[in-house]
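A short worksheet on the structure shown next.
The values are calculated or read from the model by the stated rules, or taken from the named source; none is laboratory data. Note that this is a predicted model, so its numbers are computed, not measured. All Cβ positions, even for glycine, are placed from backbone atoms using ideal geometry, and neighbour counts span all protein chains on display. These accessible areas exclude ligands, DNA and RNA; they are computed on the full protein's heavy atoms, side chains included. Shrake-Rupley method; radii C 1.70, N 1.55, O 1.52, S 1.80 Å.
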Amino acid sequence: MPLLDIYRNLPVEVVGGEGCRLYDFNGKEYIDLTSGLGVNILGYNVPEINQVLSRAHSVLHVSNLFLDRLKEEIASRLERLTGMDYTFFTNSGTEAVEASIKFAWKTKKGKIIAFEGSFHGRTLGSWSLSHILRNQQFPGINAEIEFIPFDRPEILEKNSDAAILIFEPIQGSGGVRPISSEMAEAIKSIQRRGVIVIADEVQSGMGRTGEFICSQHYGIKPDIVLLGKGLGGGLPLGAVLVNKSIAENVKRGEHGSTMGGNHLALMLSRVFLDRIENGLMERVGELGRYVFEQYREGFDLRGKGLFIGIETNQEDMDLKLLEKGFIVSVVRRNIIRLLPPYIIDIAIIDKFFNELQEVCLEGG
């Protein structure tokens, strides 16, 4: 086998897709409730995306050495949606994390705070801040890093002497755990005392919770916002958005990205933003409220919008649900993480929860 054995693959080879559905070589249909790990948030075989791809310009990449009106347009829209001032495009969420560490460090050097249960990526800088990966033996960045409990805001309050805080408003790989309102207040408190706050919205952003970034639910205005996943409409694209005080300290030549803000990915990002700003984000909020109102009594649910965690008492739920025709991801061994396409409808949601209940009963 020529591929490095890094991933545990599901026994499905996808050959096509439509909406929320994927099809294998035998024509079997699966409902994808992961959106390709949060990337295909408009679903599959999207007409607007197909139109862009069919008339793609002959120049797909020009590098960051040239002016690009589309890049300026997408940056301006992201800044308006997040309340930030400047944008730097990357290829991915983990690259956005790497850039954010450098940008924040240029403004204030010192201890970096992250949370227990955090996951920020697998490159060395992002890995250094990912608590759930710290059992792996790799070299970290040369900075003091302290991990504090996710549910102890009083401990965070005592760390106002730190330079930087990075946090996920909803920990994804850590178990789909949203921060509490008390923790949100603690974050705002240490920010007022000078700590630079980085919001990792790679999973929780792009409208997935009913707001463009999840921090907006808590009234948090970060100094730096990180985006990725579905930002590129299915192609690799990430972004670091910073406020003016951070931007003033970043100089030319201190960072770069050959493919960051690739023109074709930006063209698809425009499609995504058009849909988000024309009612799709509000629909995500409505669907999320439906799920939590309808199923909170029968299931151990947590999350916001269409970022949903379901704690079960069983393992291998991804394989068990695959047999029922549903693709899900599982984190922390027994927590189902749902990141469905935003176009999902209530009938599919109801069908999934009915099947999930049967699977749970079958497993005891």
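If you take the square roots of the eigenvalues of the alpha-carbon gyration tensor of the chain and sort them as a ≥ b ≥ c, do you get rounded (a/c under 1.5), prolate (a/b over b/c) or oblate?
Oblate is the answer for the chain, as a/c is 1.5 or above yet b/c matches or exceeds a/b.
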Notebook entry, point to check: For the stretch 122-265, what is the largest minus smallest coordinate of the Cα atoms on each principal axis, given in angstrom and ordered from greatest to least?
Noted result: 45, 37, 35
Next item on the list: Please give the FRET efficiency for M259 paired with D350, using the beta carbon to beta carbon distance and R0 = 41 Å, rounded to the nearest 0.05.
Entry: 0.50
Item checked: Label-reachable residues, the stretch 245-264, where backbone N falls under 14 Å from a point 7 Å from N142's Cα toward its Cβ -> none
Next item on the list: For the stretch 1-140, report the accessible area per residue in Å² (1.4 Å probe, heavy atoms, rounded to an integer).
Entry: 57
Note to self: A 28 angstrom limit on the alpha carbon distance is what I want to check against. Which of K111/K304; K71/K109; K158/K251; K158/K221; K28/K304; K111/K251 exceed it?
What the structure shows: K111/K304; K71/K109; K158/K251; K28/K304
Notebook entry, point to check: In whole angstrom, and with the biggest value first, how far do the Cα coordinates of the stretch 1-124 range along each principal axis?
Noted result: 56, 41, 31
Next item on the list: Would you work out which of I190, L356, L53 lies farthest towards the positive end of the dipole of the chain? Charges go on Cβ: Lys and Arg +1, Asp and Glu -1.
Entry: I190
Notebook entry, point to check: By how many nm would the segment from L53 to K109 lengthen if fully extended, with 0.36 nm per residue of separation less the alpha-carbon distance?
Noted result: 15.8 nm
Checklist line | Förster-model FRET efficiency, 35 Å R0, Y290 and N313, C-beta, rounded to 0.05 | finding: 0.90
Check: What FRET efficiency do you get for R333 and E297 if R0 is 25 Å and r is their Cβ-Cβ distance, rounded to the nearest 0.05?
Finding: 0.55
Check: If only Cα atoms are counted, what is the Rg of the stretch 267-364, and what is its Dmax, in Å?
Finding: 14.5, 48
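Given the DSSP H assignment, sum -39500 (n - 2.57) over each helix run of at least 4 residues in the chain and divide by its residue total; what's the result at 222 nm in deg cm²/dmol, nearest 500?
Working: 12 runs with 119 residues, N = 364.
Calculated from helices alone, the mean residue ellipticity at 222 nm is -9500 deg cm²/dmol.
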Check: How many nm is it between the label spots at E323 and E116, if each spot is 7 Å from the Cα in line with the beta carbon?
Finding: 3.6
Item checked: Hydrodynamic radius by Kirkwood, which averages 1/r over all alpha carbon pairs of the stretch 209-310, in angstrom -> 16.0
Checklist line | q = 0.11, 0.15, 0.26 Å⁻¹: log10 I(q)/I(0) that the Debye formula gives for the stretch 82-158, counting C-alpha atoms only | finding: -0.31, -0.59, -1.30
Margin query: Could you compute the net charge surrounding K106? Neighbours are other residues with a C-beta less than 9 Å from the C-beta of K106; K and R count +1, D and E count -1.
Written below: +3
Checklist line | 5 angstrom amide H check on I308, placed H, neighbours 5+ away | finding: L338
Notebook entry, point to check: Residues with amide H under 5 Å of I196's amide H, sequence separation 5 or more or different chain, H placed in the peptide plane at 1.01 Å from N; which?
Noted result: I164, L165
Margin query: Just to be sure I understand the model, the point goes 7 Å from the Cα along the line to the Cβ. What's the resulting D5 to V62 distance in nm?
Written below: 4.7
Item checked: Cα centroid of the stretch 89-142 to Cα centroid of the stretch 37-81, whole Å -> 27
Margin query: If I compute solvent accessible area with a 1.4 Å probe over the protein chains, what percent of it on the chain is carbon and sulfur?
Written below: 50
